[in-house]
Each structure stands twice: as structure tokens, then as C-alpha cells.
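> The structure is given below, and queries will be raised subsequently.
Coordinate-derived values only; no laboratory data. Being a predicted model, the structure only gives us computed values, none of them experimental. Backbone-built Cβ (ideal geometry, glycine too); neighbour counts: all protein chains shown.
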Amino acid sequence: MSTAALDVGRRRIVVGIRGLTVVVGLRSALVGSVMLLVTVLLALLALALGDFPLTPAEVVGVVTGRVDGLPRIVVLEWRLPRAVAAVLFGAALAVAGAIFQTITRNPLASPDIIGLANGSFTGMLIALLVLGGSWPLLTAGSLIGGLAAAVLIYLLAYRGGLHGFRFIVVGIAISAMLASVNTWMLLRAELETALFASAWGAGTLNSVTAATAVPAGLCILLLLALVPLVTPAVRQLDLGDDAASATGVAVGRTRLAAVALAVCLVSVVTAVAGPIAFVALAAPQITRRLTGTPGIPFVTTGIVGGALLLGSDLIAQHVIPLTVPVGVVTVVLGGSYLVWLLIHESRRRA
Amino acid sequence: MSSPTRPPNSPLQAAGLGVRYDRRSVIDDLDLAVPPGSFTVIIGPNACGKSTLLRALAGLLPAASGTVLLDGRDIASYPAKDTARRLGLLPQSAVSPEGITVAELVARGRYAHQRLLRQWSVADEAAVTDALRLTDVADLATRRVDELSGGQRQRVWIAMVLAQQTPLILLDEPTTYLDIAHQIEVLNLLHDLNGQGRTVVAVLHDLNHAARYASNIIAMQDGRIVAEGPPATTITAELVAEVFGLANVVISDPLTGTPLVVPADTRRPHPVAAGN
């Protein structure tokens, strides 16, 4: 490990052995480490709080295998799947948002704004209302719905290449149309089904169990492991399509691969927890402001997203007197952030 | 079509090239060979297809018909990184990411030389340092690009293309939006780079700059090449009148002896106002 000799005006570390090197921004690494620590502390809280409160010492005892019995069941079987799901789902949504925002060069490009979440919900509703869904069917419906919405937006926005702004505008239109389709389907459904679907539609971790969290978590880990393969090329798109292409990026292929990864990340989360809004929108921009980097650092963004969703879920479960879906909390947090972002952007442009 | 005699070792050629933009044909059946080691300047009126030609030559636009040959081989057959190790391009549309520093931006030019697990090497470091020095922006290395003046920023972008270490450099209107002193500064830089053995191809608006700096002129009109060759023989009053529709005289530049285009005085006299 060494600090590069060339001063680029930002502290960075070149990690390498035998000609294999990876460049790490020092401030991004620091922000990432601090947020990891925050995540661990939040996770301790998440494992301790609830109808059967435990002390942090008991939680640590369970995790290290020194405490057995009921606390062990409470921590490992009741609370751990949900906490781990919150971290992984938050990371998945944040990285997906970072990918969309980078390839469109627009901070408003987030999978929940451009209709992927509504598409997943449509798919899930069709599975539930038409096919009378079991969990695997709902999951499949949601995955297919999200992917179909993405393909539809891609095709409608494509004109000899994919342009960020058109992609977003088409996405918002598709999102609005799907939202009305969803409302129409909910209105026609029976009360009980509609209630269940509505709760899911707000985005919630209430129904997450080990049975759903484990496969979804594995999928997310696999997808996140693929992200570094496209990161350098995606990063180069910051320069504009022509400049990226001139420096050696296969722009069309890169964008397609990146969109596919992001769509899969979002769809996996939505299939299990419903459309959790605003994490994908807010986490990348919060991270960029913390790290001060010219682009959005994907790894740090994933860590921030995990902390954000875990924190929001703690608020949803324990701070608000009645248990609300975590999506409600993220909407309030993210909505305030979005208003701030819009005001900030319009002032900057003015 | 019988092609005229071409330098056999031209690094960049077009053969029967046709390019379409939104289904509209912009360039049709165009033949061209960039002489090796030349400073080739493409001139022509607005919307004559100059930028389109440059982008097609760089492989950014697909050929609808014919081919672009880079080092004798169809440019479409190279993997993207291979093209980028042979040919560098400064497009008009380049955006500098918010908050990026000069050295970071120049380092982006190294993409084609990097791999997933070789993100920074001694060669990268040397190339970036050289590029910063050649373009005289080494002192600015740690500054943010968005704080720089237009002329400095353009030199930084050229440094990024230089860091790519290609023998062939294409530039799309590199002097537009710069004041006259910075235009000359950028052109002198391109002259130096050309003198060091790089083949330079640039689209320029200013005919007199083209006449002074180019070793080879390509004059375009409506997607066709209407004249090609050294400035002394191509930039004539007839050509300028025909291509730009501008009445003019061409005199000899008092400093360099190259052609100097002077527009004819076509002003209408002011009406003589009553009571004045």
C-alpha cells in the first residue's frame, strides 16, 4: 500500500501487489468506515429493541455465542434477518440509484422516480389478484414487473442511443401510468387483499423472515459483487458519451450492463419488501456530499444506503408509536431531502 | 469509384464513407486520407458535416456505408480500448464532473491503458505527468477544473487526450469560445504536438488560423470534400466564395506568407438622414 507520488489534489491510496493495483480515495474510505461503524451500532440497537428488550451486552453475548436460550432465539431468529435485510436492501437500492444517477448524469434519476418500483408493484398485484399468489409467485411477478417497466422505458426513450434526460422524462410518465393502473387494481380487489397489498406497496420490512431474507440477500450479494466489473467504465461516462467513448469505453454496452444490474438490484428488494422509496435517490447524493468526490463512489454509497434503511426501519418500528411501514419513514426523510435538492439545484442554475 | 493516389501509410482513411444522422444522410460516398504526421484542418460552413466527419473518423458514429480505416483496418473491428490506444479525440461535448481536479481529469485519459485490477501504474503516472507538463498545466494539477479560465480548461482537456498517448489526435473546434489570445495559445500547443510527431486533425472555424497552422486543408460543403491540400493552394478567393458564399480577397499574411482571407466590404451605405 502506498500513497501515489502524483498529487491530484485529493488524498488517495494505491493499494497493490505485483502490478495489481486498486485506487482508493482516502476520504471515501474514511466516510465508508465511519458509516460501517454506525451500521454496526444501529444493528446492535435493532437486535436489542422490541417487545422483548435485551441489553447490548446480551446481544453481544448472543452474537459471540456466550448467551443461549430465549435471547438467542429472539436475536438470531426474530430480529437478525430483518436487520440484515435492512442493511443489504438499503445497500442494493443505494447502489442501484448511484448507477442510474451516474449513467444519466442526473441526480433525479432514481429507480423509484422512473417507475421501476411501480412496475414491480404492478407485477406483484397481477400475481396476487389474477393468479392468487403465493410468495414465490409474488416475487416472480414483482421481478418481471420491474424488468418489464425497465425494458419499456428503455425502448421508448431509445433514439440512436440513450439520453439521460429523455430516459427520466419517459420514466416519470411510465411511473404515473403504472401508479394509476395499480390504484385501479387495488380498488377492484377485495378489502383484505387490498389492505395486504397496500401495506406491501408502501415498502415494509414487517413481513421479512429468514425464508425470504436469505435468498434475496444472496442474490443482492451476488449482484453487488458484479458491480465493480462495470464501475470503471460507468465512472468514465461522467465525461459525456463522446469523451467516454473516445477514451475507450463501449458506451452502449456499458450502459446496458449497468442498467441491467441496477434493475435487478431494485427488483430483488421490491419483490421482498415492496417499493421502499427514496433510499436510491438520497443515499448517492448524501454520500457524494460527504466524500466530496467528483462522481458517486459506489462502495461508500452502498454502506450509507445500508445505514440509512436500517436507521429508518428503527424509527418505523420503535420511535413512531404505532408500527408503520419503513417506506413511510424513507418517504418523509427522502421527500424532505428531495425538496431541498430541487431548491438547491434551481438556485445553482439560476 | 477510382480513388486518387493516396499515401499508403495514412493512419486514418475514409473509403466511400456514408454517415446518417436521424435517418438523414449527412455524408455520402466520401474518400479521404489523412497524411501521416500532418496537421490536417477541416474547414467549411456551419452544418456542412465537419463535426459529423470527425466523429465518424473517430469511430463514434457508425458508417452507414463504406468504411473508416484506422491503421489500415476497419475502425469498427477494433475493441473500444484498442481504438483509444491509437486515436484520441477531444469532442465538443466533453463535461468535467463537478469538483474534479485537473490531475484527476487528465488521469481519466488513461482508461484505455488500465484494467480492472491495474487501476494505476508507473506508466499511468508518467503519462499524466508528461501531459500536464506539455500543456503547461502542471502548476494547476491540484486545482478544481471548474475554477479555471476557459483557456486553461481547454489545455487541461487536451492534456487528458495526450495522457491517452495516441499517435493520432482529433479535436472538434478546440478554439471555440476562447478569446483570441487563448485561441493562439491552443493552436501553438497543437503545433508543438504535431512537431513532436503526432498526427493532428482538427475542425476549425477561423480560416486564417487554418491557413497559418495547417499543413493540409480539407474544405467541406454539404457533406462533400471540395478541396484538399496545402493551404497555399487550397485557400483561394474562389474557394471561399464558393464554399462560404462570401465575397472576399485573399492576400499574403504579412508575417507568415500563408493565405489571409479578407472579406470584401459589402456594407450598404447609411441613408443620409434629413436634417443631419
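> Any chance you could check the Cα centroid distance between the stretch A:80-94 and the stretch B:215-276 for me, in angstrom?
68 Å
> Step through the residues of the stretch B:227-233 one at a time and calculate ³J(HN,Hα) from phi using the Karplus curve (6.51 cos²θ - 1.76 cosθ + 1.60, θ = phi - 60°), rounding each to whole Hz and writing x for Gly and Pro.
Residue by residue, the stretch B:227-233 yields 7, 8, x, x, x, 4, 9 Hz.
> Across bins of 5 angstrom width beginning at 0, how are the C-alpha pair distances of the stretch B:1-160 distributed, in whole percent?
Using 5 Å bins, I get a P(r) of 2, 8, 15, 16, 17, 15, 13, 9, 4, 1, 0 for the stretch B:1-160.
> I need the per residue convex hull volume for the stretch A:202-258, using only the alpha carbons, in cubic angstrom as a whole number.
Per residue, the Cα convex hull of the stretch A:202-258 comes to 104 Å³.
> All other residues with a Cβ under 12 Å from the Cβ of A:TYR154 taken together, and with Lys, Arg as +1 and Asp, Glu as -1, what is their net charge?
Values: positive: A:ARG159, A:ARG166, A:ARG255; negative: none.
Charge balance near A:TYR154 sits at +3.
> With a cut-off of 8 Å between alpha carbons and a minimum separation of six or more residues, what is the relative contact order of chain A in percent? Walk me through the numbers on the way to the answer.
Working: 534 pairs, mean separation 91.2, N = 350.
Worked out over chain A, it gives 26 percent.
> So, one more: With only alpha-carbon pairs counted, each pair once and no self-pairs, how large is the Kirkwood hydrodynamic radius of chain B in angstroms? Mind showing how you got there, number by number?
Values: mean 1/r = 0.0500 Å⁻¹.
About 20.0 Å for chain B.
> Binning at 5 angstrom from zero up to the longest distance, how are the C-alpha pair distances of the stretch A:279-350 distributed in percent?
3, 17, 22, 21, 18, 11, 6, 2, 0
> Compute a Gaussian network model of chain B, connecting alpha carbons closer than 10 Å, and tell me which residue from B:GLN164, B:GLN152, B:GLN119 fluctuates the most.
B:GLN119
> Inside 10 Å of the C-beta atoms of B:72-84, what's the mean count of C-beta atoms belonging to other chains?
The per-residue average across the peptide is 2.
> Next question. Taking θ = phi - 60°, what integer Hz values does the Karplus form 6.51 cos²θ - 1.76 cosθ + 1.60 yield along the stretch B:87-93, in sequence order, with x for Gly and Pro?
9, x, 9, 9, x, 6, 8
> Ok, one more. How large is ³J(HN,Hα), in whole Hz, for each residue of the stretch B:214-219 in order, when computed from phi with the Karplus curve 6.51 cos²θ - 1.76 cosθ + 1.60 and θ = phi - 60°, using x for Gly and Pro?
6, 9, 8, 10, 10, 9
> Right, something else. Identify which of A:THR122, A:THR102, A:THR193 has the largest mean-square fluctuation in a Gaussian network model of chain A, with springs joining Cα atoms closer than 10 Å.
With Cα springs under 10 Å in chain A, the top fluctuation among A:THR122, A:THR102, A:THR193 is at A:THR193.
> Moving to a separate point now. Could you list which residues have their amide H under 5 Å from that of B:GLY44, counting only those 5 or more apart in sequence or on another chain, with H placed in the peptide plane?
For B:GLY44, whose amide H was placed from the backbone, the distant partners under 5 Å are B:MET220.
> Considering every Cα-Cα pair within the protein assembly as shown, what fraction, in whole percent, is farther apart than 39 Å? Before the final figure, lay out each step's value.
On the way: 83031 of 195625 pairs.
Percentage above 39 Å: 42.
> Here's something else I'd like to know. For the stretch A:132-286, just list the percent of Cα-Cα distances falling in each 5 Å bin from zero outward, please.
1, 8, 14, 19, 19, 16, 11, 7, 4, 2, 0, 0
> Provide, as a two-decimal number, the C-alpha radius of gyration of the stretch A:25-349 over 2.2 N^0.38 Å, N being how many residues it has. Please report the intermediate quantities before stating the final value.
On the way: Rg = 19.7 Å, N = 325, 2.2 N^0.38 = 19.8 Å.
Taking N as the residue count of the stretch A:25-349, the ratio is 0.99.
> Another question, if that's okay. Using a Gaussian network model on chain B with a 10 Å cutoff between Cα atoms, which of B:THR256, B:THR40, B:THR67 fluctuates the most?
Of B:THR256, B:THR40, B:THR67, the most mobile in the Gaussian network model is B:THR256.
> Under 5 Å between amide hydrogens, which residues at least 5 positions from B:ASN248 or on another chain qualify, with H placed 1.01 Å from N in the peptide plane?
B:ALA264
> Related question: Test of understanding: express the Cα radius of gyration of the stretch A:18-109 as a ratio to 2.2 N^0.38 Å, with N the residue count.
Working: Rg = 18.0 Å, N = 92, 2.2 N^0.38 = 12.3 Å.
Computed over Cα atoms of the stretch A:18-109, the ratio equals 1.47.
> A further question follows. If you take the Cα Rg of the stretch A:196-343 and divide it by 2.2 N^0.38 Å, with N the number of residues, what do you get? Intermediate values should be presented prior to the final figure.
Numbers: Rg = 17.0 Å, N = 148, 2.2 N^0.38 = 14.7 Å.
It is 1.16.
> Now, a different point. Quick one: grab Rg to one decimal and Dmax as a whole number for the stretch A:104-222, Cα atoms only, in Å.
15.3, 47
> Around B:GLY18, which amide H atoms from residues at least 5 apart in sequence, or from another chain, sit under 5 Å from its own amide H, with H modelled in the peptide plane?
Amide H neighbours of B:GLY18: B:ASP29, B:LEU30, B:ALA64, B:SER65, B:GLY66.
> Rounded to the nearest 0.05, what FRET efficiency do A:LEU137 and A:SER180 give with R0 = 22 Å and r taken as the Cβ-Cβ distance? Could you check?
On the way: r = 24 Å, r/R0 = 1.08.
It comes to 0.40.
> Same structure again: Roughly what % antiparallel, to the nearest 5, for the DSSP beta bridges in chain B?
Values: 26 of 43 bridges.
Taking every DSSP beta bridge within chain B, about 60 percent pair in antiparallel fashion.
> If we count other beta carbons within 10 Å of each Cβ, what is the order of A:SER180, B:SER25, fewest first?
Lowest count first: A:SER180, B:SER25.
> Counting other beta carbons within 10 Å of each Cβ, put A:MET185, A:MET124, A:MET177, B:MET220 in order, fewest first.
Working: A:MET185 18, A:MET124 29, A:MET177 15, B:MET220 24.
In order of increasing Cβ crowding within 10 Å: A:MET177, A:MET185, B:MET220, A:MET124.
> Quickly work out the A:VAL151-to-A:TRP340 label distance, labels modelled 7 Å from Cα along the C-beta direction, and quote it in nm with one decimal.
Roughly 4.0 nm, to one decimal.
> Among A:PHE100, B:PHE244, B:PHE39, which comes first, then next, by fewest other beta-carbon atoms within 10 Å? Could the numbers behind the result be given before it?
Details: A:PHE100 31, B:PHE244 19, B:PHE39 22.
Ranked by crowding around the Cβ, least crowded first: B:PHE244, B:PHE39, A:PHE100.
> To continue, here is another question. I want to verify the translational diffusion coefficient of the stretch B:136-276 in µm²/s; compute it with Stokes-Einstein, Rh as the Kirkwood radius over Cα pairs, at 10 °C and 1.306 mPa s.
Working: Rh = 17.4 Å.
Stokes-Einstein gives a translational diffusion coefficient of 91 µm²/s.
> Something else about it: What helices in chain A pass both tests, a Cα length along the helix axis of 27 Å or more and a mean Kyte hydropathy of -0.5 or higher, using whole DSSP H runs? Please report the intermediate quantities before stating the final value.
Values: long enough: A:26-48 (33 Å, 2.30); A:80-104 (36 Å, 1.65); A:135-157 (33 Å, 1.84); A:164-188 (36 Å, 1.43); A:210-236 (39 Å, 1.73); A:251-273 (33 Å, 1.85); A:326-349 (34 Å, 0.79).
Both cut-offs are met by A:26-48, A:80-104, A:135-157, A:164-188, A:210-236, A:251-273, A:326-349.
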